[in-house]
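Working notes, structure below.
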Amino acid sequence: MKHFLSLLLIASLNIPTFGQQIDCSWVGMSVASSGPNYVQLYHAGMYLLWPREPNVIEWEITDFMGNIIHLDTTRGTVSTTGTMAFNHNVPPTDSMLVSAVIYNDSLGMACLNVDTLWWGGPILEWEITGNTGTNAMSARSPALLDLTFTAYPSPALENLYIDGPLERYALDIYDLNGRHLQSETGLLGETKVDVSHLAQGAYLIRLTSSSGQKSLRFIKD
């Protein structure tokens with residue numbers, strides 16, 4: 001009985017109380033279940049933002065050409081489990097971009113998550129890189145992701161050029177299995193990135209600024 005009460009006390013310390021302002025970095029996403037043409041995503045924010053009833057998540061799934069694969073809105077009602085599922089025809093050789101804005105008007109809070117879905121892992125399923133949320137009170141919509149980033153050339157041999165906005169941003173490069181390979185910080189405007197050390201193949205670039213995040217794909221020759 002003492003052991004049970006101790007566990008209950010520890011659990012209660014991790015539950016936000018009514019009106020408590022939490023940090024957006026708490027509300028990450030994960031894959032609940034998946035198959036080759038099916039993904040179910042879990043969003044922790046539905047349980048962490050109290051009261052739950054006003055919680056709303058606006059989901060947008062696209063490919064890396066910007067084509068919309070799935071749009072959805074989930075709400076924090078009693079029947080909501082914090083998950084969202086969709087079917088798709090994206091082949092395992094490609095990846096998908098997930099954006100989710102969760103907002104709770106009673107808290108005056110909105111958080112943006114942007115992440116990449118890729119096929120792989122130890123048991124071959126859709127995986128997510130596990131990016132945490134950022135504050136999105138200025139724009140409660142995936143339109144926040146319309147950042148002016150472009151990457152060229154693709155294929156790239158030695159250098160990749162990033163044409164970015166005139167605000168500081170960071171760059172991370174991942175392979176299609178989600179392994180982090182390279183980071184650059186403090187970038188501004190057009191930047192040359194040395195990719196000569198990378199093996200031939202496809203890679204994902206995550207670009208992060210104070211306005212949000214954007215993911216791009218390029219080929220290394």
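FYI, it's all coordinate maths here, none of it is from the lab. Everything quoted here is computed from the prediction, not taken from an experiment. Reconstructed Cβ throughout: ideal geometry from the backbone, glycine too, with neighbour counts over all protein chains shown.
What is the order of 192, 220, 214, fewest Cβ neighbours within 10 Å to most? Walk me through the intermediate numbers first.
Working: 192 10, 220 20, 214 23.
By the 10 Å Cβ count, ascending: 192, 220, 214.
3J(HN,Hα) couplings calculated from phi for the range 187-203 with the Karplus curve 6.51 cos²θ - 1.76 cosθ + 1.60 (θ = phi - 60°) are, in sequence order, 7, 8, x, 7, 9, 9, 10, 6, 10, 5, 7, 7, 6, 4, x, 9, 9 Hz; Gly and Pro show x. Near residue 168, no amide H atom lies under 5 Å from its own; only residues 5 or more places off or on other chains count, and H is placed 1.01 Å from N. Sorting 180, 43, 70 from the fewest to the most surrounding beta carbons within 10 angstrom yields 180, 70, 43. Under a 5 Å amide H cut-off, with hydrogens placed 1.01 Å from N, residue 178 pairs with nothing among residues at least 5 apart or on other chains. Under a 5 Å amide H cut-off, with hydrogens placed 1.01 Å from N, residue 213 pairs with nothing among residues at least 5 apart or on other chains.
Rounded to whole numbers, the Karplus 3J(HN,Hα) couplings from phi for the range 28-34 are x, 10, 8, 8, 7, 7, 6 Hz, using 6.51 cos²θ - 1.76 cosθ + 1.60 with θ = phi - 60°, and x at Gly and Pro. Fewest neighbouring Cβ atoms within 10 Å first, the residues 175, 194, 72, 115 line up as 194, 72, 175, 115.
Working note: Karplus 6.51/-1.76/1.60 with θ = phi - 60° gives the range 166-176 the couplings 7, 8, 4, 8, 10, 10, 10, 10, 10, 7, 6 Hz, where Gly and Pro are set to x.
Look at the alpha carbon pairs under 8 Å that are at least 6 residues apart: their mean separation over the length of the range 47-93 gives a relative contact order of 33 percent.
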